[in-house]
Amino acid sequence: VAFRLAHTLERRGYLERIDAVPNYRPGVRVMGLGFSYLRSLGLTELARPYMERLRDATDASVHLGVLDGRDVFYVARIAARHGVVSYIDIGDRSPAHASAIGHALLASLEDDEITRLYRDASFEAVRGAAPRNAVELLQKLAEVRSRGYAVSIGALHSNVLAIAAAFRNADGKLAGAVSVTSLDTERLRDAPLLGAAVIGAATEISRALGYTGA
């Protein structure tokens with residue numbers, strides 16, 4: 001009975017296997033049950049000073065998200081001091097294929113993982129120039145990898161600029177992504193500078209999580 005329960009919870013994303021014994025830890029979907037998991041995870045507390053520093057450096061709202069299947073699950077937010085972007089709250093979800101932070105997360109996966117993840121997926125209609133199928137998504141993610149950060153305008157909400165980069169944990173695995181969002185789309189001309197700031201914050205969070213790679 002215990003095995004069947006663990007197997008079911010694992011398949012549904014509430015448990016994550018961490019070795020071959022097997023041992024388990026709570027999965028991402030547990031976060032949807034309440035914020036106690038967020039507090040125990042410690043990610044938001046660890047990332048907060050870097051998010052605040054990024055907010056101050058860019059004068060933009062900063063969000064932290066993790067990948068849950070085909071969705072971005074938002075786990076932390078630091079509001080901008082001016083021109084606040086308030087359409088995303090902690091606990092919200094968005095389709096990963098349709099946003100900068102989702103592209104940053106997905107770009108950290110291998111193409112075969114993405115192909116499996118989006119096999120038979122229905123790419124829901126969203127704002128902006130979001131990929132309409134898996135082929136377009138892979139092309140978009142190749143651009144993100146080449147550039148080092150993801151960028152979008154009006155992807156989920158009109159007149160919102162978003163720039164994002166992913167970070168990794170001590171095992172080198174994808175742990176999440178950080179993004180800046182601004183209502184001033186004219187700041188797109190500063191995308192390289194904003195992208196560098198976001199990459200810097202993502203790198204600091206990765207280091208804080210114990211990642212030592214490039």
> Out of D56, D92, D19, any idea which swings most in a Gaussian network model of the chain, alpha carbons joined below 10 Å?
Replying inline: D19
> Among the helices of the chain (complete DSSP H runs), which have Cα atoms covering no less than 18 Å along the helix axis and a Kyte-Doolittle mean of at least 0.5?
Replying inline: 191-208
> Antiparallel DSSP bridges in the stretch 122-198: what percent, to the nearest 5?
Replying inline: 100
>> Compute for the chain: radius of gyration divided by Kirkwood radius, i.e. Rg/Rh, restricted to C-alpha atoms, rounded to two decimals.
In response: 0.96
> For the chain, what's the relative contact order in percent, using C-alpha pairs closer than 8 Å and at least 6 residues apart?
Replying inline: 18
>> At 1.4 Å probe size, with the rest of the protein present, what percent of the exposed accessible area of the chain is carbon and sulfur atoms?
In response: 50
> Can you tell which of I153, I101, I90 shows the greatest fluctuation in a Gaussian network model of the chain with Cα springs below 10 Å?
Replying inline: I90
> Which Cα, out of V21, A107, I205, lies furthest along the positive dipole direction of the chain (beta carbon charges, K/R +1, D/E -1)?
Replying inline: V21
>> Helix-only mean residue ellipticity at 222 nm, the chain, DSSP H runs n ≥ 4 weighted -39,500 (n - 2.57), per residue, nearest 500. What is it?
In response: -11000 deg cm²/dmol
> Could you give the accessible area per residue of the stretch 152-214, probe 1.4 Å, as a whole number in Å²?
Replying inline: 45
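The values are calculated or read from the model by the stated rules, or taken from the named source; none is laboratory data. Since the model is a prediction, treat every value here as computed from it, not as a measurement. As a convention, Cβ positions derive from the backbone with ideal geometry for all residues, glycine included, and neighbour counts pool all protein chains shown. Each accessible area value is taken on the protein alone, full model and side chains, heavy atoms only, with ligands, DNA and RNA left out. Shrake-Rupley method; radii C 1.70, N 1.55, O 1.52, S 1.80 Å.
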